[in-house]
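The values are calculated or read from the model by the stated rules, or taken from the named source; none is laboratory data. It should be emphasised that the depicted structure is a prediction, and the values quoted were computed from it without experimental measurement. Every residue, glycine as well, gets a Cβ built from its backbone with ideal geometry; the counts of neighbours run over all protein chains shown. Calculation scope for accessible area: heavy atoms of the full protein, side chains included, ligands and nucleic acids excluded. Shrake-Rupley method; radii C 1.70, N 1.55, O 1.52, S 1.80 Å.
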Amino acid sequence: MSLKGSDEPVHAPHGPLPRGGAARPITRWGTPVMHRPQQPVTADQFGNDDLRGLAADMVATMYAADGVGLAACQIGVDLAMFVFDCPDESGDRYVGVVCNPSITVPEDRGRKLDDDDEGCLSFPGAFCSCARPAFATVDGFGLDGAPVRFEGDGLLARCLQHETDHTKGTVFADRLSARARKKLQKLHDAAAEDYPMDWPA
C-alpha cells in the first residue's frame, strides 16, 4: 500500500521486521500474479532462511518505495504473505509480517466506514477514495509459523485490508466504480514517467 509511515514510536507485538534485504522492482497491476489468490505458506516453509530472506526483500522494497505495506505478489512472488509498517488513527506505528492472512471487520451496528484516499505501490502515482471498514483485525502466522494477530483503526485498518486483499488476488480498483477506476487510470498514466518499470530497485 502506498503512503509513507510516520516517525512515531513503533509497536512490534510479534517482533521486529526482518532487515538486510534488497529492494526489488515492484510488479504492476495487469501481471497475472496480481489477480489470482496466492499460494499459502506451507509448514515446511516456516522458519527457513528463504522465507525470511523474501520478507527482508519485501521490507527493503516497501521502504524504498515509501510504502506502508507490501505483499509478496507485489514483487512477483506467488505466496500469501505481506509486511507492513503503518500508523493507526492516533499516529502510533505498528510493524509486522503476516503469512496466510484472514481479515475480520465489524458487522452490523459496529460497522463504520472510512471513505478516504487509497493508493497502491503496484499502480503508482494514483490515489482515489475507497470506502473500507474503519477497524480491522488480521490473523495469520509469523515467519516461524507462530500465530499472529494485528488490529487497529485509521490507516492501519486500511492497510491490513488492502494487503490481505492482495493475497486473495484483489487490487483496490476492483472495489471501485467504473468511473472511479477511469479517474485512477488517468492519474496513474500522468505520473508514469516518475515510476520506471524497475522502480524502486
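Worth a mention:
- Test result for ASP115, on the phi < 0 side of the Ramachandran plot, in a strand (DSSP E or B) and at pLDDT below 95: yes
- Matching residues, segment 86-99, being of a type outside the set (Ser, Thr, Tyr), over 19 Å from ALA146 (Cα atoms) and either touching a helix residue (DSSP H, G or I) at 6+ places or on another chain (Cβ under 7 Å) or open to solvent by 30 Å² or more (accessible area, probe 1.4 Å) (or both): CYS86, PRO87, ASP88, GLU89, ASP92, ARG93
- Filtered residues of segment 59-68 (kept if open to solvent by 10 Å² or more (accessible area, probe 1.4 Å) and in a helix (DSSP H, G or I)): ALA60, TYR63, ALA64
- Residue within segment 134-143 that is open to solvent by less than 20 Å² (accessible area, probe 1.4 Å), out of contact with any Cys (no Cβ under 8 Å at 6 or more places or on another chain) and not in a strand (DSSP E or B) present: no
- On inspection, GLY15 passes the criterion of being open to solvent by 10 Å² or more (accessible area, probe 1.4 Å) and within 13 Å of LEU143 (Cβ to Cβ).
- Qualifying residue in segment 166-189 (condition: farther than 19 Å from ASP115 by Cβ, in a helix (DSSP H, G or I) and open to solvent by less than 10 Å² (accessible area, probe 1.4 Å)): yes
- Of residues in segment 151-165 being touching an Asp or Glu at 6+ places or on another chain (Cβ under 6 Å) and assigned to a helix (DSSP H, G or I), the one surrounded by the fewest Cβ atoms within 10 Å (Cβ to Cβ): GLY154
- Within segment 29-58, the set of residues being acidic (Asp, Glu) and open to solvent by 60 Å² or more (accessible area, probe 1.4 Å) comprises ASP44, ASP49, ASP50.
- Hits in segment 69-79 (condition: under 18 Å from ASP139 (Cα atoms) and either open to solvent by 10 Å² or more (accessible area, probe 1.4 Å) or assigned to a helix (DSSP H, G or I) (or both)): ALA72, LEU79
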